[in-house]
Each structure stands twice: as C-alpha cells, then as structure tokens.
1. Show me, for segment 260-275, the HN-Hα J-couplings you get by feeding each phi into the Karplus relation (A = 6.51, B = -1.76, C = 1.60, θ = phi - 60°), rounded to Hz, glycine and proline as x.
2. So which of Lys67/Lys126; Lys106/Lys235; Lys193/Lys235; Lys45/Lys235; Lys193/Lys263 end up more than 23 Å apart, counting from Cα to Cα?
3. Given points 7 Å out from each Cα along the Cα-Cβ axis, report the His22 to Glu181 separation in nanometres with one decimal.
4. How far is it, in nm, from the label point at Arg200 to the one at Leu47 when both lie 7 Å from their Cα along the line to the Cβ?
5. Could you pull out every one of the aspartates and glutamates with an alpha carbon less than 14 Å from that of Lys89, ignoring same-chain neighbours closer than 8 positions?
6. Among Gly51, Gly98, Gly209, which one shows the biggest mean-square fluctuation in a GNM of the chain, springs joining Cα atoms closer than 10 Å?
7. Of all alpha-carbon pairs in segment 38-92, indicate the percentage at a distance above 13 angstrom.
8. At a 1.4 Å probe radius, carbon and sulfur cover how many percent of the accessible area of segment 178-221?
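The values are calculated or read from the model by the stated rules, or taken from the named source; none is laboratory data. Not measured: the values here are computed from a predicted model. With ideal geometry, Cβ positions are generated from the backbone for all residues, glycine too; neighbour counts draw on all protein chains shown. The protein model used for the area step is the full one, side chains on, heavy atoms only, and it has no ligands, DNA or RNA in it. Shrake-Rupley method; radii C 1.70, N 1.55, O 1.52, S 1.80 Å.
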Amino acid sequence: MVVVLGPTACGKTRRGVAVARHFDGEIISADSRQIYRGMDIGTGKDLSDYGDDVAFHLIDIAPAGYKYNLYEYLRDYRAARADIENRGKLPILVGGTGLYIESALKGIVLPEVPADPELRASLAGKSLEELTEILSATKILHNTTDIDTPARAIRAIEIERYYAAHPDEALGARPKTSVPEDVIIGLDIDRDKRRASISRRLQARLDEGMLDEAKRLLDSGISPDDLIYYGLEYKYLTLHLTGSIGYRQMVDELETAIHRFAKRQMTWFRGMERRGFKITWLPYDMEDSLFIETVGNLIGQMRT
C-alpha cells in the first residue's frame, strides 16, 4: 500500500490522486470528517480532484450528525482495502487523521463498544476539565481529539471502562502486525508556507459558501451541539450562526484553531517515526513528474 499523509492544506488529495492515476490505484480516505455526507466544503473533500477515473472509498458513507468512530473506521478500512486488492488495484491511503492512519497500518482490530446509558447519565453535566481528569486516570492522552468536546470525552471514558470490564475483548485493540513495510509518503511544508496556505484556503472556503453549508446542515435538523462535535470549521461556524460569536471573531478563532490542529498533526506524524514507521518526506511543491518518479522508485524497492 502507498500512504500519503501530511498536515492540513498541503495538497494530499491532489498527490494521492496522481499516484492512483499513475499506478492503477484507488483512494482510501483517512480523514475523520470526510466520512459525512453534506459536509463538503468544511472538510475539504475536493471531489473534483478525483475526476471520473479515480475511485475513492470512505467518503460520504455516513449522514451528518452521526458520530462515526475508530472501530467503524478500521472495519470499513479493512473491507475497502480487501476489495481494492482483490481487484488487482493498488490501495492508496490518503489523509491527515493520524490516529486512523496509524491504527490501520498497525492492523489494530477494535471490539465494538456499546453505549452505556448509566455511565453517560452519571457524567452528564460535568465540565470538559472534569471529564479530562477522569479520562486521564484511565489512559495516557495521546489522542487530543478525545477531549475536544464533552461528548468525545464521555465516549472515550465509556470505551476505557468497557475495556477494563472486558479484558479479553480489549486484546483486540493491540496491534496485529509489526510496523508494516508500506510506502509512506509525507508531504513536507515549512511552518510559514503552511500557515499561509491555511489562511488562503480558509478564505477560499468562506468565499465558496462554507457558512451557507453549515446553515443548511442546521436547517436540516442537525442540532448545534452535534455540529459543534465535529470541531474546527463546524464548531466555529455553528457558534457564529447561533449568535455566540461575531463573524470576525469566528474567522480569527477558526484560523488559529486550524493552525494549532496542523501543528498537532505534525506532532503525531513525528511520533509515528519514533514508533518505528519509515516516512519519506517529500516537498509539498515538488515537481509532479519527479514526485511520481520518486514514489515509483519507492514502490519498486518495497516489491524487491
């Protein structure tokens, strides 16, 4: 498999599609929010990049408002990869959700954790700080998205409590393979260029109608809390649309949040390297033909 990863706004989709076209592959998305239908502009699906000739998987597979989770992602990833390989195509994992990427590459198989209404009721009304403290007592918080919102923190506590009560099932959360020998390409963009790219893309998305997209989702019956749950763009758009913050404050705070998110992504990817993954970092603006040639050489090395 080929993996194309990197921080937000570095051009992962375009590069992944180029690899798919050249090496007869299909894309498996590794983006935790492109899962949802109707959340197009805010998640940067860039569906036009795929054209009519590149197939993609794990995009638009759940309704907005649903809380898709890691268990479901790994289940659907395994099915998509098997389908692609069975048809003799090259699977290409593309995205920036480090938890999804690393868990998939490690071959982790999670048990399905059911909802615990009594636990949820006991945690309802607690602040995010209180929930974070409870969760910290049961696990090391490698994944900061667990504590983005109270709803996410409660779900993370629910999962950890289930694992503690069902240790045999929790064994499924352990890696099933050693560090894989896949071709992992990281798109390298320096901090200043990354920040400039994020700012340009945010303005372009606002011009494209991202605020109207969020309004349509709210008008369709999705609650503000459910939309805020998805974080980043949808959190700040919803806060503005519900009158909590003004437009300028929304833009400024959202831009800051995206910059911080990109930094967290890079921290995760550097952590993957420390955990044994070999990531070949290529310049995000590398000339197209040289990029494909380099990826081809890496694939050839792996196959031999």
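1. 5, 4, 4, 5, 5, 4, 5, 4, 5, 5, 5, x, 4, 4, 5, 8
2. Correct reply: Lys106/Lys235; Lys193/Lys235.
3. With each label placed 7 Å out from Cα toward Cβ, I get 2.3 nm.
4. In this crude label model, Arg200 to Leu47 measures out at 2.5 nm.
5. Cross-link targets: Asp24, Glu26, Asp53.
6. Among Gly51, Gly98, Gly209, the largest mean-square fluctuation in the Gaussian network model of the chain belongs to Gly51.
7. Beyond 13 Å sits 68 percent of the P(r) for segment 38-92.
8. Ligands and nucleic acids excluded, carbon and sulfur give 41 percent.
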